[in-house]
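The values are calculated or read from the model by the stated rules, or taken from the named source; none is laboratory data. Computed from a predicted structure; not experimentally measured. Cβ placement follows ideal geometry from the backbone for every residue including glycine, while neighbour counts extend to all protein chains displayed. Areas reflect the complete protein model, heavy atoms only, side chains present, ligands, DNA and RNA absent. Shrake-Rupley method; radii C 1.70, N 1.55, O 1.52, S 1.80 Å.
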Amino acid sequence: MTLKSLDLTLEHGDPAKPGIILVHGLGMNRFFWTDPGQCRALGGQGRMTLFLTGSPTPEKKGLFSIGSPDPDLTGLGTRLADEGFGLVSWSQRDALGPAARVLEEIDYAVIRAMETWPERPLYMIGHSRGGLLACRYLHESGNRRIAGLVTICSPHRGTRLAGPVSFFAPLGRGLRRILPKGKGGAAVEAIKRFALFLSSPALAELKPGSAFFRESGKALPAGLRLLSFDGTDPALVRLYSRLSSCGCWQETVLTDCAARIVPGNRFPPELRTGYGDGLVSVDSAVLSPESHVSVARNHVGVAFDRGVHDRIVAFLLS
């Protein structure tokens, strides 16, 4: 397949406003920006809305719940389209593959944007690994048509969680060898996808000190405008239990419970309230200290925060 067959989506918007190239993160797809219900996570294991829940309604039955997503969730791409920005987005063909493959796609998407909007300023916005790869693209290309870069919860210095998870990579490779080829039942397919996630090159590249980071020493193009965000709520998945006394729901934050048990010097900052978003630490997410914003949301929730959307729109129009 050639790059021309990418499912590239272009929305032209208002000719007076910038064009935006949107780069999604590891294991996700272009619906991250517009329709979280259609976006998969963890190698396709579950819907991304799992990470966007709040307290269940009082009418919800049962004693335990993982909460309910906000029915009014708005993706950043939807907000930018409503504001009249031109948008380019696509689903990475191998969102778990090595950086080099995604960088080829980013280059193609940027070229299409430059050809489509030769007179407009262009910006890149990336979430998680997407911001990291957008940054790497700019390091290597030095493309001066790009006026600015926005990264949302991107691990610019890696994430300590990639090490423990990728420790299970041999298990993932072993499962892929013994599972039947072709399509199996739902359970087999789920195991296959999770095995692929565990053994993915993308996950290995996110470890601090990996070859990917050792090769990322070039400076960004001069004059590039920068804005970055981190999250300080490490509760990726929320658990609720119903109180028998009043029937209302009480939240249990598992990372807070673990932090009280594990010694501080051994507990990763990515999982500490105030220090990480559940996957990336605050320190790692900083791209430019002069234009960086902390948000009390988790790794996915930051990208759906209305205040974050407001700041990004103001940045793009300033």
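Residues of the stretch 71-88 being open to solvent by 40 Å² or more (accessible area, probe 1.4 Å) and in contact (Cβ under 8 Å) with a residue 40 or more places away in the chain, which ones? Hits for the stretch 71-88 are LEU73, THR74, THR78, ARG79, GLU83.
Applying the set (1) under 25 Å from TRP249 (Cα atoms); (2) modelled with pLDDT under 80; (3) under 18 Å from the mean Cα position of the chain (by Cα) to LEU50 leaves exactly one unmet item: (2). Residues in the stretch 264-316 that are touching a Gly at 6+ places or on another chain (Cβ under 7 Å) and without any contact (Cβ under 8 Å) to a residue 60 or more places away in the chain: VAL282 only.
Are there helices (runs of 4 or more DSSP H) fully within the stretch 43-150 with at least 2 residues that are of a type in the set (Val, Ile, Thr)? List them.
Working: elements: 76-82, 99-116, 129-141.
Hits in the stretch 43-150: 99-116.
Matching residues to (1) more than 16 Å from the chain's Cα centre (by Cα); (2) surrounded by fewer than 22 Cβ atoms within 10 Å (Cβ to Cβ); (3) modelled with pLDDT under 90:
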site: PRO234; (1), (2), (3): no, no, no
site: SER241; (1), (2), (3): yes, yes, yes
site: SER244; (1), (2), (3): yes, yes, yes
site: LEU254; (1), (2), (3): yes, yes, yes
site: PRO263; (1), (2), (3): yes, yes, yes
site: GLY276; (1), (2), (3): no, no, no
site: SER281; (1), (2), (3): no, no, no
site: GLU290; (1), (2), (3): yes, yes, no
site: ALA303; (1), (2), (3): no, no, no
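Give the residues of the stretch 58-84 that are among the hydrophobic types (A, V, I, L, M, F, W, C) and modelled with pLDDT under 80, sorted by residue number.
Step one: of the stretch 58-84, the residues among the hydrophobic types (A, V, I, L, M, F, W, C) are 63-64, 66, 73, 76, 80-81.
Hits for the stretch 58-84 are LEU63, PHE64, ILE66.
For the stretch 200-239, a residue qualifies if it is within 29 Å of VAL313 (Cα to Cα) and assigned to a strand (DSSP E or B), and the qualifying residues are ARG225, LEU226, LEU227, SER228, PHE229, ASP230, GLY231. Contact annotation: residue pairs with Cβ atoms under 7 Å, 6 or more positions apart or on different chains, pairing a residue in the stretch 141-162 that is farther than 30 Å from ASP233 by Cβ with a partner that is open to solvent by less than 10 Å² (accessible area, probe 1.4 Å) and among the β-branched types (Val, Ile, Thr), are ASN143/VAL110.
Of all residues in the stretch 16-38, which are at pLDDT 95 or above and aliphatic (A, V, I, L, M)? Matches in the stretch 16-38: ALA16, ILE20, ILE21, LEU22, VAL23. Kindly establish whether GLY13 is farther than 20 Å from PHE304 by Cβ and either buried (at least 19 other Cβ atoms within 10 Å of the Cβ) or among the small types (Gly, Ala, Ser) (or both). The answer is yes for GLY13. One residue alone among SER91, SER55 is open to solvent by 10 Å² or more (accessible area, probe 1.4 Å) and in contact with a strand residue (DSSP E or B) (Cβ under 6 Å, 6 or more places away or on another chain), and that residue is SER55.
For the stretch 90-113, name all the residues that are of a type in the set (Asp, Glu) and more than 15 Å from GLU140 (Cα to Cα). Write out each step before concluding.
Going residue by residue through the stretch 90-113, those that are of a type in the set (Asp, Glu) are 94, 104-105, 107.
ASP94 - this is the single residue of the stretch 90-113 that is of a type in the set (Asp, Glu) and more than 15 Å from GLU140 (Cα to Cα).
TYR137 meets the conditions (1) at pLDDT 95 or above; (2) over 25 Å from ARG157 (Cα atoms) in every case but one. The failed one is (2).
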